[in-house]
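A short worksheet on the structure shown next.
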Amino acid sequence: MVEKRKPLILSSTKNLLNSLLISQTQTQISLQLSAGILQVSKNASEIVNYDDSALVGITTTQLKRLCITSGSLVLIKNVNTSQQKIGQVVVLDPLSSDKVLSDHNSSPPHSSLTTFLLPLHSFPDFHSIKPDEEVAYLSPILAFNLNLHLSCLRSMIHQGKEALSPIFETGSDNIASGKNNALITLGLEPLDQLPKYATHLRASFVKIPECGTLDSVKKDSSIEAEDRQELIDMELNKYFEVDRFLSRGDLFSICINWNCKSALCIPCSQKKLNGGSDLIYFKVVAMEPSEEPVLRVNRNRTALVLGGNVPSAVPPDFLIPRPRGSLPLQVSTVKTLASILIPPLCPSALSSKFRVVVLLHGLTGCGKRTVVKFVARQLGLHVVEYNCQSIFGNSDRKTSAALAETFSMARRYSPTILLLRHFEVFRNLASNDGSPHDQVGTNLEVASVIKEFTEPIAEDEEMYSEGKSNAQPVNRHPVLLVAAADSPEGLPPTIRRCFSHEIQMDPLNEEQRKEMLSQSLQHISELLLNTSLEDLVKDLVGQTSGFMPRDLRALVADAGSNLVLSRDIQEVEHLREGSHESKPIENNGSHDSAKSLSKEDVMKSLERSKKRNASALGTPKVPNVKWEDVGGLEDVKKSILDTVQLPLLHKDLFSSGLRKRSGVLFYGPPGTGKTLLAKAVATECSLNFLSVKGPELINMYIGESEKNVRDIFQKARSARPCVIFFDELDSLAPARGASGDSGGVMDRVVSQMLAEIDGLNDSTQDLFIIGASNRPDLIDPALLRPGRFDKLLYVGVNSEASYRERVLKALTRKFKLKEDISLLSIAKRCPPNFTGADMYALCADAWFHAAKRKALASGSDSTSSDDMDDSIVVEYDDFLKVLGEISPSLSMAELKKYELLREQFEGSSR
C-alpha cells in the first residue's frame with residue numbers, strides 16, 4: 001500500500017510561522033481609550049444575539065488594532081478603580097457606500113439628552129456625529145458596573161464646584177462631543193477563551209422606595225402579586241435568551257409594563273399618561289461555580305433563583321441617555337447640595353471620618369423636595385421621605401424611638417437620602433408639657449439618634465457577609481440625612497448642632513419666574529387669543545411677586561382648567577337644546593372657541609390665585625386704591641413718585657451702587673389720608689402692600705417682638721417688589737431710653753428695625769418702606785436719619801376751596817349727583833379745620849340722607865324698590881343738612897400744634 005506523501009515546506013517558511021505563533025502567544029494586545037456612553041436603540045436588529053447590557057462600541061481602526069471582529073469579547077478594565085468586566089464589541093463606523101457619516105462639526109440630533117459628563121453616541125444611527133477614535137462607548141449598565149459614575153464624581157471633586165455645571169444646569173454645550181468633561185481611562189484586551197456557563201445564578205431585587213403618600217390607601221392583593229411575578233418571570237426568561245456575562249455584585253435590569261389599575265395611585269396614573277414602564281433592577285448575589293470571576297448565563301444552561309431584596313445604588317441620570325426634563329430653577333441651591341453629597345459617595349480616608357447632615361430651609365412651597373429629588377436622581381441615590389409631623393401624632397411612642405425606626409427603615413434602601421419634611425416641628429419640643437429637665441432629655445435623645453445613624457461605618461464593619469470576595473467599594477455613608485424646614489429659628493440648640501451644613505433656599509426672582517412661566521405656558525401658546533406668549537408672561541411676571549413654584553404651577557393648572565370648563569359648558573348647552581341633527585354644525589362652529597384661551601381667562605385665574613395666597617396670615621397683596629380715590633395732595637404725590645416709581649422704571653440708572661432713598665415718612669394730623677396715599681402708591685406702581693400696625697408686633701415673650709420684625713422684612717423680601725407700610729410708627733419705634741417698660745422691649749425692637757432697614761441697601765431697588773405717624777417727635781431720631789425714613793412729607797389740612805373741591809370730586813365720583821349741584825359752594829361752606837376724614841363723613845352722610853328720603857318716598861312699593869340703588873340722587877340740601885350736624889374732628893388749637901411741628905422738622909431738614 002502506497003503511503004501518502006507529506007507536503008513539502010521550506011525551512012524558511014517554517015521558521016517564519018513558528019516565530020509568528022510564539023510572538024502572538026507572548027505579547028498581549030491592549031488599548032487604552034477614554035470612556036463614553038453608548039445609546040442603543042430598542043429595535044436594533046444588528047445586536048439581536050448580543051448582550052445589549054455589555055456592549056462596547058469602537059471604531060474600525062481600533063477593531064483592527066485589537067485583531068478581533070465584531071461580536072468578539074474583550075476584557076474591560078477601569079484604570080482608576082482596577083475593576084474588570086467582560087464586554088461584547090460592536091463596530092460604530094462600518095465601511096459602507098450607502099451610509100455616510102457626518103463630520104464633527106455637524107449638529108447632533110441628541111443634543112437634548114442628559115449624558116453630560118461622558119461622550120455620547122447612538123447605535124445604530126449612521127447619520128449621527130462621527131464616533132471619536134480614542135473613545136470606547138459602553139452600555140450604561142456596563143459603565144455602572146465598572147463604577148464609572150464614581151470615577152466621574154471623584155474627578156468632579158478634584159475640579160471643584162464649577163465642574164457640577166454640566167449636569168446641574170440647563171446649558172447643553174458639552175452634551176454631544178463630551179469635550180472638556182470627565183476623562184476616564186479604560187483598558188481593552190481581547191479575551192482568549194469564552195467564560196464558563198453558570199450552573200446556578202442567585203439574584204435579588206434592588207429595593208427602591210415606593211410612593212409613601214398612598215401607603216395608608218394602597219392594599220396588598222395576592223392576585224396582583226401573582227400577575228406581577230408572572231410578568232417578571234416572563235421578562236427574565238426573555239432576557240436570558242442570549243448569553244449574558246455577569247459577575248458577583250453586577251446589576252442588570254428588565255422592563256415590564258405594569259399598572260396597578262388603581263385610580264388613587266399617582267405614579268401609575270402618570271406612567272400610563274406618559275406611556276412609560278417599570279424598570280426593575282436585580283443584583284447578582286451568588287454564582288456557581290464560585291471560583292470563576294465571570295460566568296456566562298443562559299436560560300438553557302443556568303438555573304435562576306430569585307431570593308429576597310438587597311440594597312444597592314442605581315445608575316444615575318448622567319449615565320442613562322433619556323429626554324431631558326425640567327430642571328429646578330434654584331441652580332445655586334442644587335449645586336451647593338450636590339457638592340455636599342458627592343464626597344461621601346466616593347470612598348476616601350477623609351470622607352469616611354465626617355458625618356453629612358444637611359438642614360435645607362426655605363419658605364413653604366419654594367421647592368425643597370424637588371431639589372432633593374433632582375440631586376438624588378443625578379447621583380443615583382434613593383429618596384426615603386418621612387413627615388416629621390407623624391412623629392408627634394402618635395403619643396404611644398417616644399420621639400427618639402420613632403426617629404430611630406425611621407433611620408432603620410431608610411437603611412434598607414442604602415445608599416439613600418432620608419428626607420425629613422416639616423422638621424420645624426422639633427422646635428415644639430421646647431414648648432411641650434413637662435419639666436425643663438424632661439425637655440432637655442428629649443432633645444438629647446433626638447440628637448443622639450441623629451448622630452448615631454449618620455456616623456460613617458467603621459472600616460472593620462462589612463455591609464454584606466456574602467460580598468467579601470467581591471471587590472465592590474463599601475459605602476461608608478449608607479444614609480445621608482437632609483432635613484427640610486421653613487426656618488431654622490427656634491430649633492433646640494442641641495438638635496441644630498447635629499447638622500454639618502445649613503442651606504437657605506431663596507424665593508424665585510423675576511428671571512426665574514419668567515423662565516418657569518415660559519416653560520409652563522409654551523404648550524398652550526397656540527391657544528392664546530389676541531396676545532402673544534411673551535406679552536402674557538411679561539404681564540404675569542410683574543404681578544406674581546412672592547409666588548412660589550407651587551403657586552405658579554397652581555396658576556397654570558387653574559388657567560388650563562378654563563379650557564375644560566368652556567368645552568363642558570358648550571356640551572351642556574347642546575344637550576339642553578336636545579337636537580341631535582344640529583350637533584355637527586354646532587361643533588364645527590364652536591370647536592375653535594372651546595379650545596382657545598384668552599388673556600382675560602389667565603388674569604381671572606391670577607386673581608383667584610392671589611386670593612388663595614392672601615388667605616394666609618400676613619401675606620402681602622396689591623390693594624385696589626388708585627390716584628382717582630385720592631383728592632388733592634398733588635405735591636405729596638409728586639414726591640412719592642420720584643422716590644418710588646423712578647427707581648422701578650429706570651433700574652439701570654440706579655444700579656451704580658449709590659445708596660437709594662427708599663424710606664418715606666408721612667406725618668400730620670389724623671384723618672388727612674396718609675394710609676390712603678400709601679395704598680395708592682402700591683396700586684399705581686404694581687407693588688405688593690404689606691401693612692403693619694405698630695402694636696401687633698409686640699409680644700410678651702422675650703425675643704418674640706424682635707422676631708416679628710425680622711419676619712415682616714423677610715416676607716417683604718420674598719414678595720418683592722413690595723411696600724412695607726408701618727402705621728402708627730410712633731407706637732412701634734419710640735425714642736430709646738425714654739420708654740417705661742422694665743425689660744427694655746421697645747429699645748430692642750427699635751434696634752432690630754434699624755438693623756433691618758440698613759440691610760435693605762444690600763437688596764435691589766424694589767423694596768420700599770413707608771411710615772405714618774401723628775407724632776414724629778416721639779419717634780427715635782435714629783430712624784429719621786438719611787438712608788432710613790429720610791424723606792418726611794407733611795400731609796395736612798388745606799383750607800383752599802379749589803383743593804377741597806377736588807377732594808369732594810374724588811369722594812363723590814361714584815355718586816349720582818343732581819345736575820345743578822355745585823361742589824365748589826359746598827367746599828366754601830366747610831370749616832377751615834375740616835380734614836379728609838371729615839369730608840368723607842360729609843359725603844357718606846349726605847348719601848345716607850338721600851337714600852333715607854328715597855326710602856320714605858317709595859314706601860312699601862316693591863316695584864320701585866328693585867331699582868332703588870340706581871335712582872338715589874344726592875341733592876345740595878343733603879350736604880347742607882349734614883354740614884349743620886357734623887363737627888370737625890380737629891380743633892384749631894390742635895391744628896396750630898401740627899403746624900408748629902411741621903416748622904420744626906422742615907427747619908431742621910434745611
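The values are calculated or read from the model by the stated rules, or taken from the named source; none is laboratory data. Everything quoted here is computed from the prediction, not taken from an experiment. Cβ placement follows ideal geometry from the backbone for every residue including glycine, while neighbour counts extend to all protein chains displayed. Remember, those area values only see protein heavy atoms, side chains included, never the ligands or the DNA or RNA. Shrake-Rupley method; radii C 1.70, N 1.55, O 1.52, S 1.80 Å.
One chain, two ends: Ser598 and Glu899. Fully extended at 0.36 nm per residue, the span grows by 103.0 nm beyond their Cα-Cα distance. Residue pairs exceeding 22 angstrom between C-alpha atoms, taken from Lys368/Lys538; Lys637/Lys809; Lys674/Lys881: Lys368/Lys538; Lys674/Lys881. For Val90, the amide hydrogen comes within under 5 Å of the amide hydrogens of Val56, Gly57, Ile58, Gly71, counting only partners 5 or more places away or on other chains and with H modelled in the peptide plane. Each peptide in 299-308, 67-76, 766-775, 416-425 gets a packing score, the mean of other Cβ atoms within 10 Å over its residues, and the list from highest to lowest is 766-775, 416-425, 67-76, 299-308.
In a DSSP loop and with at most 15 other Cβ atoms within 10 Å, the trypsin sites (Lys or Arg not before Pro) in the stretch 477-569 are Arg497. The packing ranking, built from the mean of other Cβ atoms within 10 Å per residue, places the peptides 845-857, 814-826 in the order 845-857, 814-826, highest first. Counting only protein chain heavy atoms and rolling a 1.4 Å probe, the accessible areas of Thr399, Thr406, Thr61 rank, largest first, as Thr61, Thr399, Thr406. With 21 Å as the limit, the listed pairs Lys610/Lys679; Lys814/Lys852; Lys638/Lys791; Lys77/Lys238; Lys238/Lys283 have Lys77/Lys238 beyond it between alpha carbons.
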